[in-house]
Each structure stands twice: as C-alpha cells, then as structure tokens.
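A quick write-up on the structure given underneath.
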Amino acid sequence: MLSLETAREQILSAIRPLPADLVPLTRTAGRWLAADLASPLDLPPFDNSAMDGYAVSSAGLLQASASKPMPLRCRGETPAGDVPGPALRAGECWRIFTGAPLPAGADAVVMQEDKRIDPAQPETVWVQDAVRPWDNVRFRGEDLKAGAVIARSGERLNFAKLAVLGAVGLDKISVTRRPVVGLLATGNELVEPGGELASGQIFESNRLMIDALVRTTGCEPVIYPIVRDEPDATRNALAEAFARCEVVITTGGVSVGAHDHVKAAFENLGGQLEFWKIAIRPGKPFVWGRLRERNLFGLPGNPVSAAVTFLLLVRPALIRLQGGTDWNLPVTKATLASPVSNPGQRRHFVRVRMDELGGAVPVGLQGSHVLSGLAEAHGLLDVPPATNWESGRPVEVLRFP
Ligand code: AMP
Ligand code: MG
C-alpha cells in the first residue's frame, strides 16, 4: 500500500498549472494569481487628513490647552476629493475632512473635538489641546511605496488582497484559468434528490458534497446525472464529462466488485490509470488517471471516504492546477478531549469537533458511511497506526476548508 505523501507527491509532480487569463479585478475573488504584482503608485497618493478637523501649522500650538486656547482664523474648507486649499499663512487654519489633501504650510490636523468656536466670531477657531507636528496626518506612501510587491504569483486572492490591488488602481490582472470539474456519482442504488426511494435505494449525496468542496478551491463544478453500474453507461458518462472538463471526479465503482466499472471504462476511453490502495482509513481505494492532459479522480463511494480522499489528495491537485502553492489544510492546535486509539495498520483520519475550550472531540461513529459525525466535525485528526492517545494530549486538527 502507498503512503499518502507518496501518492500526493506523484499527483502534484505530474500536474502543471493551466494557462493564465487577464481578468477584471471584480471577477477574481477566490482565484489564484499568475504573476507577481507591484504597486504602480504610492499609497496614499498624497498627504491627507486622518480626521475631520482643521489643518494647521503646529509651530506655536504645542502650548495650547483648555485653559490657554489659541485662536486661528479659518479661511475655507476642503472636503475629501477636492484639490488642496491655498497655502496657510501665519495665524490661519483651514477646515478639512478625513481623506482630504493638506494645504501647503500645514503640518498637523486639529481634531474638530479639540476646538471651540464662539458663535459671535464664527471664523475664529480656538485650539484647546497641544498640537505636535504631523498629528493626524497620513503620509503619502506610508502604506505602500510605488514599486513595492503587493501580491505574488501562486497566492490566492482574498478580500484583503483584492482591496489592496483595487486601492493602487489595478483593474485587470493575470489569474490562472479555473478548471471545470465534472462530478459523477455511480451506483444503481442511487436516486436523484427529490425522487422516490424504492426498496434498496438511497439518495445520492456525494455530488452535492464534492460540489461544495470543489468550490472552496476556486474551481467550477459541473454536476452530471447519476451513472448506472454498467460498462457502456459508465464509458459514455466519462466521455461526455471529459469532452468539457479538465478534471472529472467520480464516486463509487472503483473497488474490485463485479459492479465497479470506472477503471475499465476510463481505460477504454484511452485513459492511463494509476490505481492505489492508500494506507489511510477511511480512504482506500483511490484512482488517479490521465487522459491527454486531463485528470480523473475516482473516489470511493462511501461518503466519508470520498470527503477524506478529496481533502487529502484531490484538493491539493485542484490548487496546483491553478498555480497555487499552499494546498495544506489549515491546522489548529488543540487538546485531545477524550482518548483515541487506532489499533489498525493504517493511519486513521478521525473526525473531530472543536469545543469552546480548545478541545478536539472525536465525533460519533467513525464508520466511512457515517454522515452525522462528518456533519458535526470541524476537521480531521491524523492518528498513526497502533496508537493509544490519552485525553489531554496536544494534537493538531486539520481543519475543513
Ligand atoms: P462503492 O464504492 O460503489 O462500492 O460504494 C460504497 C458505499 O457507498 C455503498 O454503500 C454505496 O451505496 C455508497 N455510495 C456510493 N455512492 C454514493 C453516493 N453518491 N451517495 C451516497 N452513498 C453512496
Ligand atoms: Mg457502487
């Protein structure tokens, strides 16, 4: 049996990222950058006010206080978006709002809360608090200097990256093409959601689950109809999916049973097959195959096995296909809340829930068909073979994306 790491390494070393497209920034959330990006300008682009208040020259205002207010004559105002006001002269100030440019000669902004105005003399602003040079001023380039690298090839564009790219004025950027991922479920026992269950039948739920997982990687899933356990039906369904999709994910039909047709049907289409028993539980068996530059991932039919193999093997491949470099699941340190044992020969990926105290609690029955435990869990605990862990042990939980 193959180790998880060896299997993953083989897949990742065979996969090349898809080509990149120039895409409007507004369409790139969750996608993967295909080139380093530098800021074309200083951010902020000009010195500006951090507050609503009065632009002043700080010289002589260090001594201002409530008991010794200092008067300045206000000659006009600059709202955000306007050009700077005229240069300040001695004894003057200029009304200014957050984000507005400072007039020449101003080196500080007095917060509007720190002044007093006598209604009889509305043009005179009494400064009631000490002013130091550069109080409440945001400097040109203090956030970013023109030319600074702001995002790197292989990074994923989240809300914050997008904000910075937008703020420096980029409007189209190079992102890796999103793979179209076809989802097929095989099994005569499966019924489409909304249908009627006859004796011996169950509702199909894997496509829905994998669809949600595929979306977390930024790929575009396409759901195909349920495939009957017949050689021709399986071959036709794979042919249709591969005509459109860079990646096809099937569930079920990859064991050694008489009704498992995925492998033969794929080879029949000209696909090159790698079929592995991977030394993890739940999870074996797992199929990876290539048809021209396209990939088949054949997951086990049991839903928990399908989810675990997706997370550990397919998710990294989908990220790699988009040029991403960080395919590890996020890790949270936790304390084991109840004992865990793995008497078996294979690593066991135990479903755990995180409690409010930072504990990792194994959930429910750990069978590969048990969906209630999976639905309660926040992640997986990688428990080595022949292991007994006491509660209280520090552990690392691989979080669901
Ligand atoms: P298989 O891998 O085809 O032998 O299926 C293993 C187990 O998973 C069987 O109990 C199937 O009924 C179940 N199963 C297979 N595919 C699905 C599916 N798409 N949704 C729910 N259960 C499934
Ligand atoms: Mg089956």
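Of the strands (runs of 3 or more DSSP E) lying entirely inside the range 149-194, those containing at least 2 residues that are touching a residue at least 60 places away in the same chain (Cβ under 8 Å) and over 17 Å from residue 27 (Cβ atoms) span 149-151, 180-185. Against the numbered list (1) more than 16 Å from ligand 1 (Cβ to nearest atom); (2) within 20 Å of the chain's Cα centre (by Cα), residue 146 comes up short only at (2).
Could you look through the range 176-192, keep only residues that are within 11 Å of ligand 1 (Cβ to nearest atom) and among the small types (Gly, Ala, Ser), and pick out the one that is farthest from residue 318 (Cα to Cα)? Can you show your working first?
Looking only at the range 176-192, we keep the residues that are within 11 Å of ligand 1 (Cβ to nearest atom), and these are 183-192.
Among the residues that remain, those that are also among the small types (Gly, Ala, Ser) are: 185, 187.
Details: 185: 19, 187: 25 Å.
Only one residue tops the list, namely 187.
Yes/no matrix, rows are residues, columns are (1) at negative phi; (2) outside any strand (DSSP E or B):
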residue	(1), (2)
333	yes, no
357	yes, yes
364	no, yes
373	yes, yes
381	yes, no
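Of 304, 331, 350, 314, all but one fail to be within 16 Å of ligand 1 (Cβ to nearest atom), out of contact with any His (no Cβ under 9 Å at 6 or more places or on another chain) and of a type in the set (Val, Ile, Thr); the exception is 314. A count restricted to the range 204-251 and to residues that are in a loop (DSSP other than H, G, I, E, B), acidic (Asp, Glu) and more than 15 Å from ligand 2 (Cβ to nearest atom) stands at 1. Taken over the range 16-60, the criterion of being in a strand (DSSP E or B) and either under 32 Å from the mean Cα position of the chain (by Cα) or surrounded by fewer than 17 Cβ atoms within 10 Å (Cβ to Cβ) (or both) is satisfied by 20, 21, 22, 23, 24, 32, 33, 37, 38, 43.
Filter the range 190-207 down to residues that are closer than 27 Å to residue 220 by Cα and modelled with pLDDT of 95 or more, then give me how many there are. Show your work before the answer.
Our first condition is that a residue be closer than 27 Å to residue 220 by Cα; within the range 190-207, this holds for 190-195, 202-207.
Those left that are additionally modelled with pLDDT of 95 or more: 190-192, 195, 202-207.
Counting residues in the range 190-207 that are closer than 27 Å to residue 220 by Cα and modelled with pLDDT of 95 or more gives 10.
When each of 210, 226, 173 is tested for being more than 16 Å from ligand 1 (Cβ to nearest atom), surrounded by 15 or more Cβ atoms within 10 Å (Cβ to Cβ) and not polar (S, T, N, Q), the lone residue that passes is 173. Just one residue in the set 87, 100, 104 is among the small types (Gly, Ala, Ser), touching a residue at least 24 places away in the same chain (Cβ under 8 Å) and closer than 30 Å to residue 168 by Cβ; that residue is 100. Applying the condition of being touching a Ser or Thr at 6+ places or on another chain (Cβ under 7 Å) and at pLDDT 95 or above to the range 102-123 and asking which residue is surrounded by the most Cβ atoms within 10 Å (Cβ to Cβ) yields 109.
The values are calculated or read from the model by the stated rules, or taken from the named source; none is laboratory data. None of the values given here were measured: they were computed from a predicted structure. In this analysis, Cβ positions are derived from the backbone assuming ideal geometry, glycine residues included, and neighbour counts consider all displayed protein chains.
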